[in-house]
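Peer 1: Just passing along the structure, written as structure tokens.
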Amino acid sequence: MSWTLYDRLIEGIPEDVRVKDYCLGLCWSYVEAESAMGVSYTCRGGGVKQRDERDFVGLPLREMATLAKSWSFEDATLGVAALNAWYGQKQLIDAMGAVYDEPVELPDGTVRKLDAFEVMRPQIEAKKNARVVVVGHFPHVDRIEEYANLTVLERNCRTELDKPDPACEFVMPQADFAFITGVTLENKTLPRLLELAKDAHVTLVGPSVVMAKPLLEAGVGMAAGSIVLDPERTKRSVKSGGGLSFGGALQMVTVTKG
């Protein structure tokens, strides 16, 4: 798969769409284009950032999206946000059968908005002793332990649940269900993870997720991402180093492979 997935996503952006504004923020980043606004988690590290004096404002969005292939993860952050500035258009996602932001009542009585883990829970519980691998230590991920065998892969292990990310080579091929953070598109680990999880139902999770058919065709069963609901609020949050609220700045959305 290697660069094929990235190339397909980049080539899907028309050449005549221009960048209007962008910001590499402390926690989150955005790219605003003539099509829409896209966001991504600010991923740091990787290769040394190349000196690039280009101001992308007014340049083709497709050109900025090529940064997604950069080994500088800060550059790649902007590249993925640029991809989302095209594929995050509501009419494109609606054509894929999008489902938006409906409250989900959890077993303990609390209510959360559209949650990929809870959406998949009935399928996981239906398979006795299901093996679930989650890439990225998401909030409340420990809930899965109540109904499945859980392994969490995390670059910086924080709890006893966590295993270092090289463990993916050992645990991912055994998974029945896999949840993978969208940040893996930025740090280039996604193609290999999809190969390892070819026998699992894969859900790609988080605001960095590009809601596009090439990902579903590459092995993703469900893309659980978001669209920008309030561009001005998103800009303020990114520039102030704050978080992006669901139902405020962003709206959760899922698309399932047909």
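Peer 1: Tell me the helices (runs of 4 or more DSSP H) entirely within the range 163-246 that contain at least 2 residues that are within 26 Å of Ala36 (Cβ to Cβ).
Peer 2: Values: elements: 168-171, 183-186, 190-196, 213-217, 231-239.
Answer list for the range 163-246: 183-186, 190-196, 213-217, 231-239.
Peer 1: Looking at the range 136-195 only, could you name the residues that are open to solvent by 80 Å² or more (accessible area, probe 1.4 Å) and aromatic (Phe, Trp, Tyr)?
Peer 2: Residue satisfying the conditions is Phe170 alone.
Peer 1: Of all residues in the range 15-35, which are more than 15 Å from Arg233 (Cβ to Cβ) and open to solvent by 20 Å² or more (accessible area, probe 1.4 Å)?
Peer 2: Result: Glu15, Asp16, Arg18, Lys20, Tyr22, Leu24, Leu26, Glu34, Ser35.
Peer 1: Report the residue count in the range 3-14 for those that are open to solvent by 80 Å² or more (accessible area, probe 1.4 Å) and in contact with a helix residue (DSSP H, G or I) (Cβ under 6 Å, 6 or more places away or on another chain).
Peer 2: 1
The rows are residues; the columns are (1) basic (Lys, Arg); (2) more than 14 Å from the chain's Cα centre (by Cα); (3) at negative phi.
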| site | (1), (2), (3) |
| --- | --- |
| Ala197 | no, yes, yes |
| Val220 | no, no, yes |
| Arg233 | yes, yes, yes |
| Gly241 | no, yes, no |
| Ser245 | no, yes, yes |
| Val253 | no, no, yes |
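Peer 1: Further, regarding this structure: Looking only at residues that are in a helix (DSSP H, G or I) and modelled with pLDDT under 90 in the range 120-142, which one is nearest to Thr254 (Cα to Cα)?
Peer 2: Val141
Peer 1: With the requirement that a residue be within 14 Å of Gly88 (Cα to Cα) and of a type in the set (Ser, Thr, Tyr), what does the range 27-43 give you? Quick ask: steps written out before the conclusion?
Peer 2: Taking the range 27-43 and keeping what is within 14 Å of Gly88 (Cα to Cα), we get 30-40.
Within the range 27-43, Tyr30, Ser35, Ser40 qualify.
Peer 1: Based on this model, can you work out whether Met222 counts as closer than 20 Å to His140 by Cβ and open to solvent by 30 Å² or more (accessible area, probe 1.4 Å)?
Peer 2: No: the conditions fail for Met222.
Peer 1: Tell me, please, whether a residue that is modelled with pLDDT of 90 or more and surrounded by fewer than 17 Cβ atoms within 10 Å (Cβ to Cβ) can be found in the range 101-118.
Peer 2: No, that holds for no residue.
Peer 1: Can you find a residue that is farther than 27 Å from Phe246 by Cα, more than 17 Å from the chain's Cα centre (by Cα) and without any contact (Cβ under 8 Å) to a residue 24 or more places away in the chain anywhere in the range 28-49?
Peer 2: Among the residues of the range 28-49, not one is farther than 27 Å from Phe246 by Cα, more than 17 Å from the chain's Cα centre (by Cα) and without any contact (Cβ under 8 Å) to a residue 24 or more places away in the chain, which makes the answer no.
The values are calculated or read from the model by the stated rules, or taken from the named source; none is laboratory data. Since the structure is predicted, the reported quantities are computational estimates derived from the model, not experimental observations. With ideal geometry, Cβ positions are generated from the backbone for all residues, glycine too; neighbour counts draw on all protein chains shown. Just the protein is used for accessible areas: all its heavy atoms, side chains included, with ligands, DNA and RNA removed. Shrake-Rupley method; radii C 1.70, N 1.55, O 1.52, S 1.80 Å.
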